[in-house]
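Enquirer: Got a structure here, written out as structure tokens. Questions coming.
The values are calculated or read from the model by the stated rules, or taken from the named source; none is laboratory data. Predicted, not measured: the structure shown is a model, and the values here were computed from it. Ideal geometry is used to build each Cβ from the backbone, glycine not excepted, and the neighbour counts take in all protein chains shown. Protein only, heavy atoms only, side chains kept; ligands, DNA and RNA dropped before computing areas. Shrake-Rupley method; radii C 1.70, N 1.55, O 1.52, S 1.80 Å.
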Amino acid sequence: RMNFMNRIYSIIKVANSINWKKLKDCEGYVNYDIVERLIALTNTNKGTRKENYWKLDNQIVVQSGLSEVAVYVLPFLNEFIKISSYRDYLLDLLFEIIEGNDISSNGSYVETSATIHNTPFVYFTKSENTELNRVTAIIDDYIKKQYKTYIDLLFEVKTIYELNVLLDILLGFNDKVSKMYLKTIYPKVKNISTESFKYLLNKYEEELLE
């Protein structure tokens, strides 16, 4: 428990170091406590998690259209997913961001100038002297490197709902390496899964083993 609290605090500390007000969501510059909403996604109360999911979802990715701030939120979702007991809405928001597009209504791309930091984990800060990149390019690059995290989570998720979202995320990795990796680990997951997990995994099997 103490280790969990320490890890939560170390994530929050980094999140609080980011100047969120300089970043844009789908409506304009962020003008609310984004860190508080992220923390609430780990709450033991499902109602609290759900409410804050919608508060974030409606601001940072609207009808699958990504905003600049989604890039900067992503690493914190990912770090919370690794340690939280309640992953449902964290995984949901992660999925929305991964699946989102960055072409705005006027046809231009949503871009940001993100600097990458590697400690205590990979995260981004906005920096005017970094070149602009498309939001989806930064997100894809980050997610590809997190592949093993989601494979490991297959052994940890507690509900069918979480497993469903996780498999959707994993199946989004279309390159052959990922599929191969998933194939090797797949039988092991089946062995440890409950009947209901097996049912769900079987549904995915055809797509997985193409």
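Enquirer: Identify all residues within the stretch 67-83 that are open to solvent by 10 Å² or more (accessible area, probe 1.4 Å), over 11 Å from the mean Cα position of the chain (by Cα) and either closer than 14 Å to ARG7 by Cα or not charged (D, E, K, R) (or both); write none if there are none. First the steps, then the outcome.
Expert: First pass over the stretch 67-83, keeping only residues open to solvent by 10 Å² or more (accessible area, probe 1.4 Å): 68, 79, 82-83.
Next cut, over 11 Å from the mean Cα position of the chain (by Cα) only: 68, 83.
ILE83 - this is the single residue of the stretch 67-83 that is open to solvent by 10 Å² or more (accessible area, probe 1.4 Å), over 11 Å from the mean Cα position of the chain (by Cα) and either closer than 14 Å to ARG7 by Cα or not charged (D, E, K, R) (or both).
Enquirer: Residues ASN106, ASN101: which one is exposed (fewer than 14 other Cβ atoms within 10 Å of the Cβ) and at negative phi? Quick ask: steps written out before the conclusion?
Expert: Details: ASN101 fails: exposed (fewer than 14 other Cβ atoms within 10 Å of the Cβ).
That would be ASN106, the only listed residue that is exposed (fewer than 14 other Cβ atoms within 10 Å of the Cβ) and at negative phi.
Enquirer: Right, another one. Are any residues in the stretch 144-177 at pLDDT below 60 and among the small types (Gly, Ala, Ser), and if so, which ones?
Expert: none
Enquirer: Moving on. Note down all Cβ pairs under 7 Å where the first residue falls in the stretch 113-137 and is over 15 Å from SER17 (Cβ atoms) and part of a loop (DSSP other than H, G, I, E, B), the second is open to solvent by less than 30 Å² (accessible area, probe 1.4 Å) and aliphatic (A, V, I, L, M), and they're at least six residues apart or on different chains.
Expert: Going by the 7 Å Cβ cut-off, the qualifying pairs are THR130/ALA114.
Enquirer: Given the conditions (1) more than 22 Å from LYS13 (Cβ to Cβ); (2) of a type in the set (Gly, Ala, Ser); (3) touching a residue at least 40 places away in the same chain (Cβ under 8 Å), and given that SER85 satisfies all but one, which numbered condition is not satisfied?
Expert: (1)
Enquirer: Condition first: out of contact with any strand residue (DSSP E or B) (no Cβ under 7 Å at 6 or more places or on another chain) and at pLDDT below 80. Can you find one or more residues in the stretch 113-133 that meet it? Can you show your working first?
Expert: Here is the first cut: in the stretch 113-133, the residues out of contact with any strand residue (DSSP E or B) (no Cβ under 7 Å at 6 or more places or on another chain) are 118-121, 128-129, 131.
Then drop every residue that is not at pLDDT below 80, which leaves none.
Looking through the stretch 113-133, none of the residues is out of contact with any strand residue (DSSP E or B) (no Cβ under 7 Å at 6 or more places or on another chain) and at pLDDT below 80.
Enquirer: Just give me the residues in the stretch 3-45 being surrounded by 12 or more Cβ atoms within 10 Å (Cβ to Cβ), part of a loop (DSSP other than H, G, I, E, B) and touching a residue at least 60 places away in the same chain (Cβ under 8 Å), in sequence order.
Expert: Scanning the stretch 3-45 gives ILE18, LEU23.
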